[in-house]
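A.B. asks: Have a look at this one.
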């Protein structure tokens with residue numbers, strides 16, 4: 001499927017099907033979303049790229065076709081639930097999410113915030129991480145976000161993508177009373193937010209960067225090469241760093257907040273170690289298999 005039929009199918013999915021699923025009882029909506037994800041695993045346009053990433057980092061999967069197909073099935077089912085999360089978020093309350101979103105380690109975030117220099121709350125593109133927004137809100141924690149631009153400046157988004165990502169971020173912002181800063185803004189804006197004591201969410205494994213300086217960390221038998229942004233911001237502001245690890249559990253998520261070392265490079269390295277642990281345990285929950293070429297490379301031969 002290509003061209004206009006493919007675009008219409010994507011428009012229908014984003015603008016009609018999943019918003020309609022959000023009106024159903026939660027258990028039924030997630031069950032249907034999971035079935036859509038199972039179908040996606042067989043024919044979604046991203047299937048080949050996700051499979052390529054899995055096979056590049058885990059070449060043994062070429063000899064385990066059933067295992068590979070199971071990983072793809074889990075991956076696309078999770079992504080379908082993530083899409084449903086987006087459209088259900090405006091109706092989230094503490095009462096209807098108390099079993100859906102479980103947050104541990106809020107005291108670690110509160111302690112970091114008490115230092116008074118702001119907090120970089122590091123996240124990764126892992127699991128249904130957008131659920132962190134309502135999870136923080138219902139735990140009494142304010143936050144801001146540092147995200148990609150979601151308008152015509154983004155080179156890879158078509159109108160449906162722009163609308164969906166903007167909706168997703170807007171619905172997350174419903175739970176935030178902090179700054180929303182994008183890659184298109186003056187970088188001093190994030191410095192000012194942290195210096196004012198805000199908690200700012202930043203993803204460690206984003207691929208949109210012009211940073212010439214990168215930091216390399218061991219990851220899945222190779223090297224995860226990350227832009228300097230988080231390290232530079234932490235060093236410039238003295239902000240504390242914590243990491244929020246989100247893992248899907250059934251229809252919901254479990255979120256654990258971990259303190260990180262004060263040294264910015266060591267702190268980022270510890271966040272990568274926790275991410276690697278989770279990817280090893282639940283590989284299908286990492287979003288970036290399709291984008292692995294921008295982040296990961298094999299370790300040099302001895």
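Any read-out appearing in this document is the output of simple, stated calculations on the displayed coordinates, not a laboratory observation. The model shown is predicted, which means the values in this text are computed figures rather than measured ones. Heads up, the Cβs are rebuilt from the backbone with ideal geometry, glycines too, and the neighbour counts pull from every protein chain shown.
A.B. asks: Between residue 160 and residue 302, what is the FRET efficiency for a Förster distance of 51 Å, r being their Cβ-Cβ separation, to the nearest 0.05?
C.D. replies: Taking R0 as 51 Å, the efficiency between residue 160 and residue 302 is 0.60.
A.B. asks: From the helices alone, meaning DSSP H stretches of at least four residues, give me the mean residue ellipticity at 222 nm for the chain, per-run term -39500 (n - 2.57), in deg cm²/dmol to the nearest 500.
C.D. replies: -14000 deg cm²/dmol
A.B. asks: Also, I was wondering about something else. Classify segment 191-302 as rounded, prolate or oblate, taking a ≥ b ≥ c as the square roots of the eigenvalues of its Cα gyration tensor: rounded when a/c is under 1.5, otherwise prolate if a/b is larger than b/c and oblate if not.
C.D. replies: Oblate is the answer for segment 191-302, as a/c is 1.5 or above yet b/c matches or exceeds a/b.
A.B. asks: Let me ask another. Packing-wise, with mean Cβ within 10 Å as the measure, how do 70-78, 261-269, 88-96 rank, highest first?
C.D. replies: 70-78, 261-269, 88-96
A.B. asks: Kindly work out what percent of the DSSP beta bridges joining two residues of segment 3-298 are antiparallel, to the nearest 5.
C.D. replies: Antiparallel bridges: around 50 percent, rounded to the nearest 5.
A.B. asks: Relative contact order for segment 1-155: what percent, with Cα pairs under 8 Å and sequence separation of 6 or more?
C.D. replies: Reported relative contact order: 23 percent.
A.B. asks: Now a separate question. When the Kirkwood hydrodynamic radius is evaluated over all pairs of different C-alpha atoms of segment 78-126, what value in angstrom, to one decimal, is obtained?
C.D. replies: It works out to 13.4 Å.
A.B. asks: Next up: At a 10 angstrom cut-off on C-beta neighbours, averaged per residue, how do the peptides 192-201, 59-68 rank from highest to lowest?
C.D. replies: So the peptides 192-201, 59-68, ranked by packing, come out 192-201, 59-68.
A.B. asks: To continue, here is another question. Post the alpha-carbon centroid distance, segment 61-121 to segment 269-302, in whole angstrom.
C.D. replies: Taking the Cα centre of each part, segment 61-121 and segment 269-302 sit 17 Å apart.
A.B. asks: In addition: Hey, what did segment 96-209 get for relative contact order, percent, Cα under 8 Å, at least 6 apart?
C.D. replies: RCO, segment 96-209: 43 percent.
A.B. asks: Calculate the spin-label point distance for residue 4 paired with residue 208, positioning each point 7 Å from the Cα along the beta-carbon direction, and give it in nanometres.
C.D. replies: Going by the 7 Å Cα→Cβ label model, 2.9 nm.
A.B. asks: Give the relative contact order (percent, whole number) for segment 3-298; include only Cα pairs under 8 Å separated by 6+ residues.
C.D. replies: This gives 24 percent for segment 3-298.
A.B. asks: Further question: Is the shape of segment 130-218 best called rounded, prolate or oblate, per the rule: a/c under 1.5 gives rounded, else a/b larger than b/c gives prolate, else oblate, with a ≥ b ≥ c the square roots of the Cα gyration tensor eigenvalues?
C.D. replies: Taking the square roots of the gyration eigenvalues as a ≥ b ≥ c, segment 130-218 is oblate.
A.B. asks: Rounded, prolate or oblate, given the Cα gyration tensor of segment 214-264, with a/c below 1.5 counting as rounded?
C.D. replies: oblate
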